[in-house]
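A.B. asks: Have a look at this one before I ask anything.
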Amino acid sequence: MTLIQEKANQAIQILQEQQTDLWLTFVRETSGVRDPVLDLLIGSSDLTWQSALILTRKGEKIAIIGNLEKDALARLGVFDEILGYDKSIRELLRETITRLQPDRIAVNTSRNNVHADGLTHAMHEILRDHLANTPYTDRLTSAEAIISSLRGRKTPSEQARIRKAVEITDEIFRQTFDFIKVGMTEIEIGEHMQRLAQERGVGLAWPAENCPAVNSGPDSPVGHNGPTDIKVERGHLLHFDFGVRYEDYCSDIQRVAMFCRRERQRRRWKCSAGSLRFAPPSKSPVKR
């Protein structure tokens, strides 16, 4: 079973738990504006024409899409019923929802979770137009709780990817601590970490400009800032924030290290003069 097949089955379980009859993801031209939830329903695939992806708490998995995309979607093995159209989705959508007779239709709008807010304002209006003069316009509700649960509950496949991302990140940190010398700049250290990620065939968890964040000493700007030309000195605390992307899942791990200088520092950090020591790890793996 593929990851997206796992997530579709998981979504149906969540619909049953939350007593929501139907979850509708309504999209178009996803190569331009992409609903974040599509990664969990169709992977990296795109949909061009107005498309409705429907999951119900009874277990139905229905897609209503342009005819020219039916074969590609079928190959994913997620949807049991794929309905195609040539001119307009309107009639097929109305007929399908009327057949299913849902009391609640969850759609991807949210005030609190950007990952659950993929239905654009215009597409929301178009959906209401398609359902005009039916009882279903008044049954639309937010899918925030469904999507939050779906993203928060990691399947075995997702857990394996996250663990691998964390493992690779930890290896890069360890190699970086062996690499760092007094007099190196934050930029040199950051570029070294990026090279190590590239050697392992993984991407960065966020934009390269500040992945990693490297802060050496009290004058380095803390926050979502990229490395600077500040040089590492003995006695400096070094702060790192770094993560990698492995098969679409990310790590996000911070470390704090010190170049020991004073006797008190050496006793506390149990290191020799001028050596680099780091605090015990605190791992915080996350999805992108």
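A.B. asks: What's the carbon and sulfur percent of region 1-140's accessible surface, probe 1.4 angstrom, rounded to a whole number?
C.D. replies: 44
A.B. asks: Once phi is turned into θ = phi - 60°, what whole-Hz ³J(HN,Hα) does the Karplus curve with 6.51, -1.76 and 1.60 give for every residue of region 96-105, x standing for Gly and Pro?
C.D. replies: Taking θ as phi minus 60°, the curve returns 5, 5, 4, 5, 7, 6, x, 7, 9, 10 Hz for region 96-105.
A.B. asks: Which value, in Å² rounded to 10, gives the accessible area of residue 31 with a 1.4 Å probe and all protein chains present?
C.D. replies: In the full protein context, residue 31 sits at about 90 Å².
A.B. asks: For the chain, set up a Gaussian network in which alpha carbons nearer than 10 Å are linked by springs, and say which option among 256, 244, 166 fluctuates the most.
C.D. replies: In this elastic network of the chain, the residue with the biggest mean-square fluctuation among 256, 244, 166 is 256.
A.B. asks: Next question. Report the Cα-based extents of region 1-94 along its three principal axes, largest first, to the nearest Å.
C.D. replies: Its Cα atoms span 36, 28, 22 Å along the three principal axes.
A.B. asks: For a bin width of 10 Å, list the pair-distance distribution of region 1-51 built from all Cα-Cα distances, rounded to whole %.
C.D. replies: All Cα pairs considered, the percentages come to 24, 47, 28, 2.
A.B. asks: Relative to the first principal axis of the alpha-carbon coordinates of the chain, what is the inclination of helix 186-199, with its axis defined by its Cα atoms, in degrees from 0 to 90 and to the nearest 10?
C.D. replies: 50
A.B. asks: Assuming 0.36 nm per residue, please report the length gained on full extension of the stretch residue 94 to residue 182 beyond their Cα-Cα distance.
C.D. replies: Between residue 94 and residue 182, full extension yields 24.9 nm more.
A.B. asks: How far apart, in nanometres, would the label points at residue 75 and residue 19 be if each is projected 7 angstrom from Cα along the Cα-to-Cβ direction?
C.D. replies: Using points 7 Å along Cα→Cβ, the separation is 4.3 nm.
A.B. asks: How much area per residue is accessible in the chain when the probe is 1.4 Å and only protein heavy atoms are counted (Å²)?
C.D. replies: 50
A.B. asks: Cα atoms only, region 162-257: Rg and Dmax in Å?
C.D. replies: That works out to 12.5, 38 Å for Rg and Dmax.
A.B. asks: Counting only protein heavy atoms and using a 1.4 Å probe, what share of the accessible area of region 166-246 belongs to carbon plus sulfur, as a whole percent?
C.D. replies: It is 49 percent, rounded to a whole number.
A.B. asks: Another question about this same structure. I need the per residue convex hull volume for region 22-168, using only the alpha carbons, in cubic angstrom as a whole number.
C.D. replies: 126
A.B. asks: Whole-Hz Karplus ³J(HN,Hα) for region 45-50, in order, using 6.51 cos²θ - 1.76 cosθ + 1.60 and θ = phi - 60°, x for Gly and Pro?
C.D. replies: Ordered by residue, 3J(HN,Hα) equals 5, 10, 10, 9, 7, 3 Hz.
A.B. asks: Can I ask one more? When you count, for each residue, the other Cβ atoms within 10 Å and take the mean per peptide, how do 141-149, 78-86 rank with the highest first?
C.D. replies: Most protected by this proxy first, the peptides run 141-149, 78-86.
A.B. asks: For 58, 231, 154, write out the residues from largest to smallest accessible area, computed with a 1.4 angstrom probe and no ligands counted.
C.D. replies: 58, 231, 154
The values are calculated or read from the model by the stated rules, or taken from the named source; none is laboratory data. Quick caveat, the model's predicted, so the values are computed rather than measured. Every residue, glycine as well, gets a Cβ built from its backbone with ideal geometry; the counts of neighbours run over all protein chains shown. Surface accessibility is based on the protein's heavy atoms, side chains included, excluding ligands, DNA and RNA. Shrake-Rupley method; radii C 1.70, N 1.55, O 1.52, S 1.80 Å.
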